[in-house]
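Worksheet for the structure shown next.
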Amino acid sequence: MTSIRFRRAWKVQGHSVEELLFKALGGVWGSWLGLILIVIVLIAPFHVALFSIGGVSGGPALLSLCPDSQPKSPLDTMRKGYDENKDLERQREEQRINDEALDAARAEQAKARTGVMQIEKKIKKGEKALDSKVCMS
């Protein structure tokens with residue numbers, strides 16, 4: 001649309017197309033063709049919704065073009081953002097609690113492993129002592 005208006009204003013002011021640095025391949029006719037195609041593409045979904053093939057025509061099909069997931073107003077958008085922020089904070093707090101519990105469990109496992117390793121060392125020392133006593137007798 002802007003190229004059509006520009007070309008019209010350019011012509012009214014007495015300029016020629018030769019003065020333009022860039023000349024579109026289709027010229028003004030190409031701009032008109034593009035505008036008509038865009039209008040057809042924009043009308044097509046409404047036509048399909050109103051006069052659907054093999055389906056019910058009218059209201060419910062038309063509502064499918066306007067999903068309800070779009071925000072109704074800027075205030076609604078701000079509310080959703082605030083709610084999402086609260087949800088995000090809650091999730092972070094839950095994650096922090098889970099991480100602390102996991103760290104505590106890992107610390108307990110490390111303590112248990114250390115205890116087992118100490119017992120194994122004592123057992124090995126005891127076996128060596130027993131072996132040396134058996135060998136001496």
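Residues that are of a type in the set (Phe, Trp, Tyr) and assigned to a loop (DSSP other than H, G, I, E, B) within the range 6-26 comprise just one, 22.
Do we have residue 132 as modelled with pLDDT under 65, in a loop (DSSP other than H, G, I, E, B) and over 30 Å from residue 8 (Cα atoms) here?
No: the conditions fail for residue 132.
Assessment of the range 48-68 against the conditions (assigned to a helix (DSSP H, G or I), at pLDDT 70 or above and exposed (fewer than 11 other Cβ atoms within 10 Å of the Cβ)) yields no matching residue.
The values are calculated or read from the model by the stated rules, or taken from the named source; none is laboratory data. Small disclaimer: the values here were computed from a predicted structure and weren't measured. Note that each Cβ is placed from the backbone with ideal geometry, even for glycine, and that neighbours are counted across all protein chains shown.
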